[in-house]
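Asker: For reference, the structure I am asking about is given below.
The values are calculated or read from the model by the stated rules, or taken from the named source; none is laboratory data. Fair warning: this is a prediction, and the values are worked out from it, not measured in the lab. We place every Cβ from the backbone using ideal geometry, glycine too, and count neighbours over all the protein chains shown. Accessible surface areas use protein heavy atoms only, side chains included; no ligands, DNA or RNA. Shrake-Rupley method; radii C 1.70, N 1.55, O 1.52, S 1.80 Å.
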Amino acid sequence: MNIFIFCGPLAFGKGGMEKVAAGLANFLSKNNNVTVGFFCRENQVVPAYQLDKRVIQAPWSFREVGSRRAYSKRVFDSNPHVFIYFGASSQSIQVVSLLYGSDIPLIIHEGSNPDRVITTNWADVRKISRYEAAWERELVYSQAAAVRFTMPEYLKSLSGSSLKSKAFAFPNAFNSLTKENKRSKFNRIINIGGLKPNKNIKPLIIAFSHVVEKYPEWELHVFSTRNKSPAGEFYISELESLINSLCLKKNVFFREEVEDINAEFINSDIHVITSLSEGLSNAVAEAMTNGVPTVGIENVPGVSGLIKNKVNGFLVSRKNLELSLIEALFTLVSDDRLRSKLSDQARKDSNVFNPDKIYNNWLELIDFSVAKKNNKYDESEFHYSHMAKVFYCSEVKGFEDQVDSQSYHQSIKKILNTDCDLNKVEKHAKIHRWLNE
């Protein structure tokens, strides 16, 4: 089978979604012809995660004039039996529309919390209302044969039976790398990705300063890329000023991304994640597989859906967050037996990420999507399709040249086996593009 996987930011950094996409590509390449597409710019032309030598790389220089037409040809020349898109933002409009009007089955993997996708990554970026962003997202997702989420509660973000009937949820795959029941003590707390505002690390640094007053031998290690934009540098300077003011220079260390993050987990006692929004946190999953208890914030689905409070980790209240963190950290730092108990349970619970099970879910999802292209569209899918076309024409530069309206009308008529007035349907879709207008 020919499989095309597209993950836009794969060359821009070692994010969680990018790691999942690379892992899936490497797994599927064992028995299939796999092509991996991604955006590239300036010197960022190589995937951040290593791909198997059998995987064909297809970078897209999306800023170049005429690149859309050229990349569309690149996709179709690979003759994919299925196209898997990894995304978590309005960027999906540009990529998914490449396949509009084709018979290539599309699987959309949403790699974040739907609320964050709709608000921060869609509405805010496009400067539209949350309602409009949610509607645009549904139009784009309606084109898919299947939509995959990482947490069951995210399924509720789709409305309409036709969309819900093709939505699935299962976690990402992670290997359990250690089976030790006893862990050494390293006096080290680990945090991943904390050098970004959305990771909300300031309360952790403040809480950790109280721990150091009583336990000066403990350290906090933050593994993260450094955003070298002016805004990114300003945020890091704020964190460094905070560390200096709290006299933590000998206890807090900002570390670059590393090739083997599991080795860093193995040498840590506690993992802390203080972000207020996550899809499914790779950091929590990797901590669990390495038997490291996590302290996270309650009611953050991608975190609280994995951590069982005082069973395999701690969940703290977002109200009075600093105080809640202080209490949790003091409890764990001072109680070796409790840490060991939580560690053992975290490792046991990490079986939910068993790669054999998760990749089998992916294979079933691919089979479902390929089989679905032979099914007839129902009426709702038909209307979604035409509304999506109107939307793409208005929002995607070069889309008009991509679609041959005459051949498209003929293919739709053949699928529907009906003599619908397609012009009237499109006019209706254009008039009612937004229900609140």
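Asker: State all residues of the stretch 119-152 that are in contact with a strand residue (DSSP E or B) (Cβ under 8 Å, 6 or more places away or on another chain) and within 30 Å of N354 (Cβ to Cβ); if no residue qualifies, say none.
Answerer: Within the stretch 119-152, Y141, A144, A145, A146, V147, R148, F149, T150, M151, P152 meet the criteria.
Asker: Would you be able to say whether some residue in the stretch 273-284 is at pLDDT 95 or above and among the acidic types (D, E)?
Answerer: Among the residues of the stretch 273-284, not one is at pLDDT 95 or above and among the acidic types (D, E), which makes the answer no.
Asker: Buried (at least 21 other Cβ atoms within 10 Å of the Cβ) and out of contact with any Gly (no Cβ under 6 Å at 6 or more places or on another chain): is that true of Y141 in this structure?
Answerer: Yes.
Asker: Looking only at the stretch 313-368, count every residue that is among the hydroxyl-bearing types (S, T, Y) and touching a Ser or Thr at 6+ places or on another chain (Cβ under 8 Å) and tell me the total.
Answerer: Count: 3.
Asker: Touching a residue at least 60 places away in the same chain (Cβ under 8 Å), open to solvent by 10 Å² or more (accessible area, probe 1.4 Å) and within 28 Å of H81 (Cα to Cα): which single residue out of S176, S161, S165 fits that description?
Answerer: S161
Asker: In addition: Would you say L155 is closer than 24 Å to P105 by Cα and open to solvent by 30 Å² or more (accessible area, probe 1.4 Å)?
Answerer: In short, yes.
Asker: Take the residues of the stretch 179-210 that are more than 31 Å from the chain's Cα centre (by Cα) and either hydroxyl-bearing (S, T, Y) or buried (at least 21 other Cβ atoms within 10 Å of the Cβ) (or both): which is modelled with the lowest pLDDT?
Answerer: S184
Asker: So if I check each of Y49, Y85, Y100, Y71, which one is among the hydroxyl-bearing types (S, T, Y) and either over 23 Å from A144 (Cα atoms) or free of Cβ contacts under 8 Å to residues at least 12 places away in the same chain (or both)?
Answerer: Just a single option satisfies the conditions, and that option is Y49.
Each row is one residue, and each column tells you yes or no for (1) more than 21 Å from the chain's Cα centre (by Cα); (2) over 28 Å from K19 (Cα atoms).
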| position | (1), (2) |
| --- | --- |
| F223 | no, no |
| R226 | no, no |
| S229 | yes, no |
| I236 | yes, no |
| L239 | yes, no |
| L242 | yes, yes |
| C247 | yes, yes |
| N251 | yes, yes |
| E259 | no, no |
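Asker: Right, another one. With (1) touching a residue at least 24 places away in the same chain (Cβ under 8 Å); (2) open to solvent by less than 50 Å² (accessible area, probe 1.4 Å) as the list, and R255 as the residue in question, which single condition is left unmet?
Answerer: The failed condition is (2).
Asker: Failed condition for D103, given (1) surrounded by fewer than 20 Cβ atoms within 10 Å (Cβ to Cβ); (2) of a type in the set (D, E); (3) assigned to a helix (DSSP H, G or I), with all others met?
Answerer: (3) is the only condition that D103 fails.
Asker: For A25, state whether it is buried (at least 21 other Cβ atoms within 10 Å of the Cβ) and of a type in the set (G, A, S).
Answerer: yes
Asker: Would you point out the residue of the stretch 29-74, among those that are among the β-branched types (V, I, T) and within 20 Å of the chain's Cα centre (by Cα), that is farthest from D260 (Cα to Cα)?
Answerer: Among them, the one singled out is T35.
Asker: Given the conditions (1) modelled with pLDDT of 95 or more; (2) in contact with a Leu (Cβ under 6 Å, 6 or more places away or on another chain); (3) closer than 30 Å to E18 by Cα, and given that R339 satisfies all but one, which numbered condition is not satisfied?
Answerer: Unmet for R339, out of (1) modelled with pLDDT of 95 or more; (2) in contact with a Leu (Cβ under 6 Å, 6 or more places away or on another chain); (3) closer than 30 Å to E18 by Cα: (3).
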